Amino acid sequence: MKVTCNVIRDILPLYLENMLSDDSCAMIEEHIEQCQECKIYLDEMKNSNKIPVNTNTSPLLKIKSTLRKKKILTIIFSMMLSVMILVITIAFLTAPEYIPYSEESVTINEIGNGSVIAIFEDTVSGYDISSYPADDNTGYVYHITTWDSIWNRTIKKTRANNTILNPNNENVAAVYYYQTDGSEDILIYGKDINPNGGIVTLPRLFLTYYAFIALILVAVCGFFMTLFRRHKKVFNLTMKILFLPVSYLLGHLMIKGVSTTSYTATRDFYAILLVMIPLYIAFITAVRLIKENNKRKIGA
């Protein structure tokens, strides 16, 4: 029986996949030699099965580089947030809790060589001492306060070391204990240098000035960003500058809340800076991540 072209063409896919018996393959090959149309049909099938291979790896390398960059940026962002949270936690745990004056909290004694020593009770973990010459030139006036902290009570239980107020043997005219509730300082040693009126030690205000400067910078940067919103380079540069005062203000809020005065202003300022730096880096990294995501969406 003569095999028709339709039958041959039906089993050609099996022939190309080497799934036929030797007899069937011989039959097909014999038919192909005699039938030009089936031969052309077979050639077309062979060509259609060949998938062109693109050897250009540039797109893949670009995708790999983008993913690596995004991964690095994500790691940096996470690390900065972790550092910021760590600093805030430590600042909270070590924040001074000022101790109201009592005769047990601090005692002022004279020792044999003319020195005056401050002796602290066990609950005191830190103290602050400031001094200035008395108006009548009789010596120096000292203001002292003490505090405890959550860190000291629960984690590292230490006590403040006793300290000599006048290591250079200067005369101690008076020692006052100042409290942080706005009440008058309490004379605990020497003579009252202001018997006609009380002395009140006020908190430092320089954090107020820094916060005010930061607010001005935010306003100025916002103005320039609005003015140059169509100039990408100027806009992006101004935005990076804007993140500095914004980071400082957020750091201030995280450390001090809305208060801008402090009896430990130097400590608070350094804590704000330690929050500000990772927060600023996190802002810059977040912007980079957003840009990378936008590029991927546009490319898609």
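The values are calculated or read from the model by the stated rules, or taken from the named source; none is laboratory data. Keep in mind the model is a prediction, meaning the values are calculated, not measured. Glycine gets a Cβ as well: all are built from the backbone with ideal geometry, and neighbour counts include every protein chain shown.
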Quick one: count up the residues across segment 188-215 that are within 30 Å of residue 119 (Cα to Cα) and surrounded by fewer than 18 Cβ atoms within 10 Å (Cβ to Cβ). 14
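Give 147, 151 a once-over and let me know the one that is assigned to a strand (DSSP E or B) and within 29 Å of residue 251 (Cα to Cα).
Of the residues listed, the single one that is assigned to a strand (DSSP E or B) and within 29 Å of residue 251 (Cα to Cα) is 147.
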Flagged pairs (Cβ under 8 angstrom, 6 or more apart or on separate chains; first in segment 23-37, part of a loop (DSSP other than H, G, I, E, B); second surrounded by 10 or more Cβ atoms within 10 Å (Cβ to Cβ)) are 35/5; 35/8
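Could you tell me which residue of segment 15-61 is modelled with the lowest pLDDT, considering only residues that are aliphatic (A, V, I, L, M) and more than 19 Å from residue 4 (Cα to Cα)? Can you show your working first?
As a first pass, look at segment 15-61 and keep what is aliphatic (A, V, I, L, M): 16, 19-20, 26-28, 32, 40, 42, 45, 51, 53, 60-61.
Applying the additional criterion that residues be more than 19 Å from residue 4 (Cα to Cα) yields 19, 51, 53, 60-61.
On the way: 19: 83, 51: 45, 53: 50, 60: 68, 61: 72.
Ranking the candidates gives 51 first.
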One residue is enough: does segment 252-265 have a residue meeting the conditions surrounded by 15 or more Cβ atoms within 10 Å (Cβ to Cβ) and free of Cβ contacts under 8 Å to residues at least 40 places away in the same chain? no
Subset of segment 152-170 [surrounded by 14 or more Cβ atoms within 10 Å (Cβ to Cβ), farther than 14 Å from residue 108 by Cα and among the polar types (S, T, N, Q)]: 152
Would you call residue 281 surrounded by 14 or more Cβ atoms within 10 Å (Cβ to Cβ) and either closer than 30 Å to residue 141 by Cα or hydrophobic (A, V, I, L, M, F, W, C) (or both)? yes
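Looking only at segment 115-174, which residues are charged (D, E, K, R), farther than 18 Å from residue 103 by Cβ and over 37 Å from the mean Cα position of the chain (by Cα)? Give the steps one after another, and end with the answer.
Taking segment 115-174 and keeping what is charged (D, E, K, R), we get 121-122, 128, 135-136, 148, 153, 156-157, 159, 170.
Within this subset, residues satisfying the condition of being farther than 18 Å from residue 103 by Cβ are 128, 135-136, 153, 156-157, 170.
Selection gives 135, 136, 170.
If you check residue 83 against the conditions, is it crowded, with 18+ Cβ neighbours inside 10 Å, under 42 Å from the mean Cα position of the chain (by Cα), in a helix (DSSP H, G or I) and modelled with pLDDT of 90 or more?
On the way: crowded, with 18+ Cβ neighbours inside 10 Å: no; under 42 Å from the mean Cα position of the chain (by Cα): yes; in a helix (DSSP H, G or I): yes; modelled with pLDDT of 90 or more: yes.
It is false that residue 83 is crowded, with 18+ Cβ neighbours inside 10 Å, under 42 Å from the mean Cα position of the chain (by Cα), in a helix (DSSP H, G or I) and modelled with pLDDT of 90 or more.
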